[in-house]
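Q: Quick one: structure below, then a few questions.
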Amino acid sequence: NSFILHGEEKLPNDVRWVRQSAEYSTLCEQLFRQTTMVVLRTVKAEKSSGNLAVVVDLDETVLNNSLYQVERWKAGLSFTQDSWSDWVKREEAKLVSGAKDFLIAVRKKGVRVIFLSNRMNSNLKPTQGNLEALGVLDPSDLFLLRENKSDTKEIRRKEVLEGKGRMKGIGPLKVIGYVGDQMGDFPNDRMADFGKINFLLPNPMYGKW
């Protein structure tokens, strides 16, 4: 049966595309290669690289959570915050193709990696554990996860640029790349910024559309 692959019955097209298609993994690899080239070019053009950073989303950007989607679909259930939190604590997400090489390359050039995600800050330890198990956690990485409902990504992005709030001890950083899978991962939706400072990964499984 052509619909059975890796022991999975025919999944919904969106989840199946992420888990089984060469197109999805190739697109992610291609995007991360492009992002790496542009970011490293920017580093070279900057006179001081001491305060440069990339702001990177986690879910469906670095961490592939498609197994969570499979399990919810098989159980006939949709997303809930509690089930998501249980999934995060299992530390079983896989890597999005290309993410590891990108993170290694930018860190090598002294660019600070800031993981800015709507994962709850109460799940910081299992999140770091998952990243460590996948070989993509570095002691220099910063985490700005969500403290509560009103703690928007916009607020946290502002803290990065101004060196205030949770970033007070670090000081202001110049962000030379934003990487994510939803439009909300970026400070603006200007088309001219995509491919230059905003880098968007495909995610057909969920989003505000």
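Q: Antiparallel DSSP bridges in the range 48-144: what percent, to the nearest 5? Could the numbers behind the result be given before it?
A: On the way: 2 of 10 bridges.
Roughly 20 percent of the DSSP beta bridges within the range 48-144 come out antiparallel.
Q: Additional query: If we sort 151-157, 57-63 on the protection proxy, mean other Cβ atoms within 10 Å, highest first, what's the order? It would help to have the intermediate numbers written out before the result.
A: Details: 151-157: 16.3, 57-63: 24.7.
Those peptides, ordered most packed to least, come out 57-63, 151-157.
Q: Give the carbon-plus-sulfur fraction of the accessible surface of the range 1-118 in %, rounded to a whole number; probe 1.4 Å, heavy atoms of protein chains only. Walk me through the intermediate numbers first.
A: On the way: 3120 of 6200 Å².
Carbon-and-sulfur percentage of accessible area, whole number: 50.
Q: Also: What number comes out for the charge environment of Glu91, summing +1 per Lys or Arg and -1 per Asp or Glu over other residues with Cβ under 14 Å away? Present the calculation step by step, with values, prior to reporting the outcome.
A: Details: positive: Lys89, Arg90, Lys94, Arg119, Lys125; negative: Asp59, Asp86, Glu92, Glu132.
That works out to +1.
Q: Let me ask something else. If I require 27 Å or longer along the helix axis, counting alpha carbons, and a Kyte-Doolittle average no lower than -0.5, what helices from the chain are left? Use full DSSP H segments. Let's see the in-between values first.
A: Numbers: long enough: 22-45 (35 Å, 0.12).
Taking the DSSP H segments of the chain (at least 27 Å long, mean hydropathy at least -0.5), we get 22-45.
Q: Please work out the average accessible area per residue across the range 88-209, using the 1.4 Å probe convention, and give it in Å². Mind dumping the intermediate values first?
A: Values: 6370 Å² over 122 residues.
Dividing the accessible area of the range 88-209 by its residue count gives 52 Å².
Q: Which percent, to the nearest 5, of DSSP beta bridges fully inside the chain are antiparallel?
A: Numbers: 3 of 21 bridges.
Of those bridges, close to 15 percent are antiparallel.
Q: Could you work out the relative contact order of the chain? I mean the mean sequence separation of Cα pairs under 8 Å and 6+ apart, divided by the number of residues, in percent.
A: Values: 289 pairs, mean separation 56.5, N = 209.
This gives 27 percent for the chain.
Q: Hey, another quick one. Please work out the C-alpha center-to-center distance from the range 71-91 to the range 9-57 and express it in whole Å.
A: 25 Å
Q: Lysines near Lys10 by alpha-carbon distance under 29 Å, same-chain residues fewer than 8 away left out - which ones?
A: Within reach: Lys74, Lys89, Lys94, Lys208.
Q: Given the rule -39500 (n - 2.57) for each run of at least 4 DSSP H residues, summed and divided by the residues of the chain, what is its mean residue ellipticity at 222 nm, to the nearest 500 deg cm²/dmol?
A: Working: 7 runs with 81 residues, N = 209.
Rounded to the nearest 500, it is -12000 deg cm²/dmol.
Q: Further question on the same structure: At what distance in nm do the modelled label points of Lys174 and Lys47 sit from each other, each positioned 7 Å from its Cα along Cα→Cβ?
A: 0.9 nm
Q: Keeping all protein chains in the complex and leaving out DNA, RNA and ligands, what accessible area do you get for Arg33 with a 1.4 Å probe, in Å² to the nearest 10?
A: Solvent-accessible area, nearest 10 Å²: 140 Å².
Q: At a Cα cut-off below 18 Å, give the lysines reachable from Lys174, other chains included and same-chain residues fewer than 8 away excluded.
A: Lys44, Lys47, Lys108, Lys109, Lys153, Lys158, Lys164, Lys196
The values are calculated or read from the model by the stated rules, or taken from the named source; none is laboratory data. It should be emphasised that the depicted structure is a prediction, and the values quoted were computed from it without experimental measurement. Backbone-built Cβ (ideal geometry, glycine too); neighbour counts: all protein chains shown. Surface areas here come from the heavy atoms of the whole protein model, side chains and all, with no ligands, DNA or RNA. Shrake-Rupley method; radii C 1.70, N 1.55, O 1.52, S 1.80 Å.
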